[in-house]
Protein chains: 2
Amino acid sequence: MENFTFYSPTYFAFGNGEENHTGSYIKRFGGSRVLIHYGGGSVVRSGLLDRVKKSLEEEDISYVELGGVKPNPRSGLVYEGIELCRKEHVDFVLAVGGGSTIDSAKAIAAGSVYDGDFWDYYQGKKVEKALPVGTVLTIAAAGSEGSPDSVITKEEGMLKRGATGEGLRPKFSVLNPALTQTLPAYQTAAGITDIMAHLFERYFTNTENVEVTDRLIEGLLLSVIHEAPKVIADPDDYQARANIMWAGMMAHNNSCGVGREQDWGSHDIEHELSAVYDCTHGAGLAMVVPAWMTYNLKHDVNRFVQLAVRVWGCQMDFQNPEVTARAGIRALKNFLRSIGMPLNFGEIGAKEEDIKKMAHTSCYGNGRKGTVGKFVRLGEEDVEKIYRLML
Amino acid sequence: MENFTFYSPTYFAFGNGEENHTGSYIKRFGGSRVLIHYGGGSVVRSGLLDRVKKSLEEEDISYVELGGVKPNPRSGLVYEGIELCRKEHVDFVLAVGGGSTIDSAKAIAAGSVYDGDFWDYYQGKKVEKALPVGTVLTIAAAGSEGSPDSVITKEEGMLKRGATGEGLRPKFSVLNPALTQTLPAYQTAAGITDIMAHLFERYFTNTENVEVTDRLIEGLLLSVIHEAPKVIADPDDYQARANIMWAGMMAHNNSCGVGREQDWGSHDIEHELSAVYDCTHGAGLAMVVPAWMTYNLKHDVNRFVQLAVRVWGCQMDFQNPEVTARAGIRALKNFLRSIGMPLNFGEIGAKEEDIKKMAHTSCYGNGRKGTVGKFVRLGEEDVEKIYRLML
């Protein structure tokens, strides 16, 4: 285990009806003039936005609104939000939505109190200062509700890039599993896949002696795998959604990732898919992660075996452990397929002829210097071969 | 799963040498005039206290000192600390030691800014305000380093009681596993037992649909059980100590206990043992927990079976699940014995004739109204029978 610091000061309010206390949480963290940021229809249609507004009014908190966030949130709306915050003297940004809305809100919060172009932060500059952010989460997914990270796509060139810094971490997050019940099954499954990918990115490490974080990751995976079929079979299964939602937070607040080198290569490889084809992030990960595993299996067969045995319940082949390792990857694929996720290029309309370019952008975009990942440092040719495994 | 809030804002600095940055953490959280609170010999002898002082001096932070904390910390020293803090205008309390020192420091921090008797807090009054507290941990145990709780023994009548409140939660905690290497094996084993007990208290619940927290608890138990024999065999095994130390934090910051009714009956039953016989808290728990399990097994056999299969690797007896449940309790006992913990009254000098009185105090002390625990609400007679299982 390596030395580390761990800091997760976000206040979580979890459960049915908690959004009705949003105003009191904003007050607790010093907000008085709020930008409510959200996506589109369902937040409005379901009455959620009205309930949130009502809770602000009950605490005498004033607000302005900015809707229209799309999946893979764009820089254009961020610039609009920054202008609005400055004009309206906003002192708190509230995101009502999923990972995209939260990431967009974080960008606005940072950009509003920064003299330069907010995009600087997405080109490697650390975010030191931002308006406080709170969230009312409508999808169990990104973990953005407890993380100091944000991903935005710049329209010019469709560049998808990430920023990080303590300033971006939400002060509070309201997690009501019931709010996720109206999500289409495909989005629910994509969220589940994203949670699992956050765990895999931490699991595949070269750091030795990380038993406690291994076990935490495995435990979270086991619970998500156990609950996922329930929620796909019955979208109104509140309890299954509650378990998945808390797993999503724990998967990404880094309590299970501390003290170990993490990989994040699959995310870099996926980001090109969702930037180029505008596919759902989780769906892209469903394609990338098994391919990434297959390609890197020989780097540390034992780690793949451990995952196969402990998480997928595969029988250990003591004569030939690699057989068990491969059984684990097959189990993952079967699982992803069973919840309706794509595994191949054709399913999201991706094209073989784009592979070379995407492999290049993966390895050289966002300030990278020719490789992605840390478990194995993958170059352009490796990434190309991984994309080819998805054909 | 029930509704809940989760808030764990303590900043953790984890790893070898981190104590040398203590001064900078105090500064980060606004301290300038510090009370350094500690126990006795080893903190001084090992040079740890000097290293901590040096790091404060490097940041131009002044300090006063108060040593002498004993296991099962006493109210007398707390009063002394409160007086010292007021006289010296202390604005930050730093605990250097284990759970007892931290708990004592928390009591001082709360009492210093309270007009009444600090003991009010240990009789049920919620702690709203306290001086900020930081810790440099020397034993992986109580989880007090990240919790809003404190337990103090009042000398008058040897009453051992707990207080709680956000004000008591440390702003930062330095966790250097190497600092625990000088601990005697017995104390190390008691710390391990305490961590496991914190997990069991959360595990045994009547709340349904708690898969994710079940799996987190099981994961932490599995890692502690895996690492414990290593550290007992080789006290200098830094990596094993590191895994246990992080498990100890995660076991008690409540991320694995949210949304479920928790029990805490074993702690109430144990507190009488350590108050009356001054035994180490963890050693007392080693005796109480298996007895508690044996007594309550029939309340929910499936839950004991789940623990036995998932954590202890017991073979499932599908014809007679209770056989598996009992095998799990035996496995726990064997484990505790293997790390040198007591299982019976005689081993800590406890006496049968004290049972009736202890059972009464367990159930009626600290504001309780005749029962302990929630998984099963145990009355005086039940507790008496549990003590008798330890004879």
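The values are calculated or read from the model by the stated rules, or taken from the named source; none is laboratory data. A quick note: this is a predicted structure, and the numbers were derived from the prediction, not measured. Backbone-built Cβ (ideal geometry, glycine too); neighbour counts: all protein chains shown.
Below is a table of values for the structure above.
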{"read-out": "Boolean, A:V289 is within 14 Å of chain B (Cβ to nearest Cβ) and within 24 Å of A:E208 (Cβ to Cβ)", "value": "no"}
{"read-out": "Any hit, segment B:346-369, residues being in contact with a Lys or Arg (Cβ under 7 Å, 6 or more places away or on another chain), of a type outside the set (F, W, Y), at pLDDT 95 or above and assigned to a loop (DSSP other than H, G, I, E, B)", "value": "no"}
{"read-out": "Listing of strands (runs of 3 or more DSSP E) fully contained in segment B:139-221 that carry 2 or more residues being within 25 Å of B:W292 (Cβ to Cβ) and in contact with a Phe, Trp or Tyr (Cβ under 6 Å, 6 or more places away or on another chain)", "value": "B:159-164"}
{"read-out": "Candidate set: segment A:254-267, residues that are more than 22 Å from A:T280 (Cα to Cα) and more than 8 Å from every other protein chain (Cβ to nearest Cβ); chosen: the one surrounded by the fewest Cβ atoms within 10 Å (Cβ to Cβ)", "value": "A:E261"}
{"read-out": "Filter result for the condition that a residue is hydroxyl-bearing (S, T, Y) and over 27 Å from B:P73 (Cα atoms), over B:S223, B:S274", "value": "B:S223"}
{"read-out": "Residue in segment B:62-85 that is closer than 21 Å to A:Y7 by Cβ and in contact with a helix residue (DSSP H, G or I) (Cβ under 8 Å, 6 or more places away or on another chain) present", "value": "no"}
{"read-out": "Contacts under 9 angstrom Cβ, first residue in segment A:366-388 being farther than 18 Å from A:I355 by Cβ and assigned by TED's automatic domain parsing to the domain that holds A:D263, partner among the aliphatic types (A, V, I, L, M) and assigned to a strand (DSSP E or B), 6 or more apart", "value": "A:N366/A:L159"}
{"read-out": "Counted residues, segment B:311-337 - those being of a type outside the set (A, V, I, L, M, F, W, C) and either more than 20 Å from B:D194 (Cα to Cα) or outside any helix (DSSP H, G or I) (or both)", "value": "9"}
{"read-out": "Yes/no for B:G379 being modelled with pLDDT under 95 and over 23 Å from B:L220 (Cβ atoms)", "value": "no"}
{"read-out": "Residue within segment B:335-356 that is among the polar types (S, T, N, Q), more than 25 Å from the chain's Cα centre (by Cα) and in the same structural domain as B:A190 (by TED's automatic domain parsing) present", "value": "no"}
{"read-out": "Residues within segment B:292-311 that are hydrophobic (A, V, I, L, M, F, W, C) and touching a Phe, Trp or Tyr at 6+ places or on another chain (Cβ under 8 Å), tallied", "value": "3"}
{"read-out": "Test for B:S104: is it within 24 Å of B:E19 (Cβ to Cβ), of a type in the set (S, T, N, Q) and at pLDDT below 95", "value": "no"}
{"read-out": "B:I139 modelled with pLDDT of 95 or more and farther than 14 Å from B:E166 by Cα", "value": "no"}
{"read-out": "Any strands (runs of 3 or more DSSP E) falling wholly within segment B:1-120 and containing at least 3 residues that are within 14 Å of another protein chain (Cβ to nearest Cβ) and closer than 30 Å to A:G146 by Cβ", "value": "B:4-14"}
{"read-out": "Residue list for segment B:121-138, restricted to those being farther than 19 Å from B:G68 by Cα and in a loop (DSSP other than H, G, I, E, B)", "value": "B:G124, B:K125, B:K126, B:V127, B:E128, B:K129, B:A130, B:L131, B:P132"}
{"read-out": "Criterion violated by B:A107 - all others in (1) under 25 Å from B:W246 (Cβ atoms); (2) outside the structural domain of B:K298 (by TED's automatic domain parsing) satisfied", "value": "(1)"}
{"read-out": "Among the residues listed as B:A233, B:A228, B:A240, the single one being touching a Lys or Arg at 6+ places or on another chain (Cβ under 8 Å), small (G, A, S), over 28 Å from B:V383 (Cα atoms) and at pLDDT 95 or above", "value": "B:A240"}
{"read-out": "Residue match in segment B:6-28 (condition: free of Cβ contacts under 8 Å to residues at least 12 places away in the same chain, within 17 Å of B:V136 (Cα to Cα) and outside the structural domain of B:D278 (by TED's automatic domain parsing))", "value": "no"}
{"read-out": "Test: B:G76 is under 21 Å from B:A275 (Cα atoms) and within 19 Å of the chain's Cα centre (by Cα)", "value": "no"}
{"read-out": "Residues that are assigned to a loop (DSSP other than H, G, I, E, B) and either facing chain A (nearest Cβ under 10 Å) or buried (at least 21 other Cβ atoms within 10 Å of the Cβ) (or both), drawn from segment B:222-252", "value": "B:D237"}
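Quick grid of which residues meet (1) at pLDDT 95 or above; (2) among the aromatic types (F, W, Y); (3) more than 16 Å from B:P132 (Cβ to Cβ); (4) in the same structural domain as B:G259 (by TED's automatic domain parsing):
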| residue | (1), (2), (3), (4) |
| --- | --- |
| B:G31 | yes, no, no, no |
| B:G39 | no, no, yes, no |
| B:E58 | yes, no, yes, no |
| B:Y63 | yes, yes, no, no |
| B:R74 | no, no, yes, no |
